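Below: one structure, written as structure tokens.
The values are calculated or read from the model by the stated rules, or taken from the named source; none is laboratory data. No experiment lies behind these values; they were computed from the predicted model shown. All Cβ positions, glycine included, derive from the backbone under ideal geometry; neighbour counts span all protein chains shown. Protein only, heavy atoms only, side chains kept; ligands, DNA and RNA dropped before computing areas. Shrake-Rupley method; radii C 1.70, N 1.55, O 1.52, S 1.80 Å.
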Amino acid sequence: RLMTIRLLIADDHELVRAGLHATFEDTEIEIVGEASNCQEAMQQALESEADVMLLDLSMPGGNGFAVLERLRDATSLPIIIFTMHDRRHDMKRALELGAHGFLTKLALRCDIIAAVRDATCGRSTWIAGNDKEPIEVDQEC
């Protein structure tokens, strides 16, 4: 049996959060917290027992980059940016701010699951649309 991976999701759209619940159904990934704005995302990331966080860039109360930057100073929680924006400069900024990956909401279910699993092993996943665009050399588990 695979070890449970505890996931925190931060996205302001209820439909996206529901879709993520469906995505991780029947996997070892358990959603242990949800945030719908930047303040909740910060608070939950600092207080939860999560192993990985999926963080949207566009949420009420600020933006995901500000959350990422503040969390990098406060926690080692692996954070994967999960966004509708498919922009190379956003990927670059996420990398510079210490994200453990970048997925667009066009990513395939299998890639989202793999990215969460990989983040617990110290590997990064960088996907724009459905095309993988590695920016960083992956490390082995």
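Looking only at the range 109-132, how many residues end up being in a helix (DSSP H, G or I), under 20 Å from Leu46 (Cβ atoms) and open to solvent by 30 Å² or more (accessible area, probe 1.4 Å)? If you could, list the steps in order and put the result at the bottom.
Going through the range 109-132, the residues in a helix (DSSP H, G or I) turn out to be 109-119.
Right, trim to under 20 Å from Leu46 (Cβ atoms) and you get 116, 119.
Imposing the further condition that a residue be open to solvent by 30 Å² or more (accessible area, probe 1.4 Å) reduces the set to none.
Number of matching residues: 0.
Of all the residues in the range 1-56, those that are of a type outside the set (Val, Ile, Thr) and part of a strand (DSSP E or B) number 11. Of all residues in the range 74-100, those satisfying the criterion of being open to solvent by 30 Å² or more (accessible area, probe 1.4 Å) and part of a loop (DSSP other than H, G, I, E, B) are Thr75, Ser76, Met84, His85, Asp86, Arg87, Leu97, His100.
Scanning the range 30-71 for residues that are of a type in the set (D, E, K, R) and out of contact with any strand residue (DSSP E or B) (no Cβ under 8 Å at 6 or more places or on another chain) turns up Glu47, Glu69, Arg70.
For Glu69, are the conditions met, namely being at pLDDT below 90 and surrounded by fewer than 21 Cβ atoms within 10 Å (Cβ to Cβ)?
Values: at pLDDT below 90: no; surrounded by fewer than 21 Cβ atoms within 10 Å (Cβ to Cβ): yes.
In short, no.
Only one residue in Arg109, Arg123, Arg117, Arg88 is farther than 18 Å from Ala10 by Cβ and modelled with pLDDT of 95 or more. Which one? Explain how you work it out, then say what you get.
On the way: Arg109 fails: modelled with pLDDT of 95 or more; Arg123 fails: modelled with pLDDT of 95 or more; Arg88 fails: modelled with pLDDT of 95 or more.
So the residue among Arg109, Arg123, Arg117, Arg88 that is farther than 18 Å from Ala10 by Cβ and modelled with pLDDT of 95 or more is Arg117.
Please verify whether Leu106 is open to solvent by 30 Å² or more (accessible area, probe 1.4 Å), among the aliphatic types (A, V, I, L, M), under 22 Å from Ile127 (Cα atoms) and not in a helix (DSSP H, G or I), treating the condition exactly as stated. When the stated conditions are applied, Leu106 passes them. Scanning the range 7-32 for residues that are small (Gly, Ala, Ser) and open to solvent by 10 Å² or more (accessible area, probe 1.4 Å) turns up Ala18, Gly19, Ala22.
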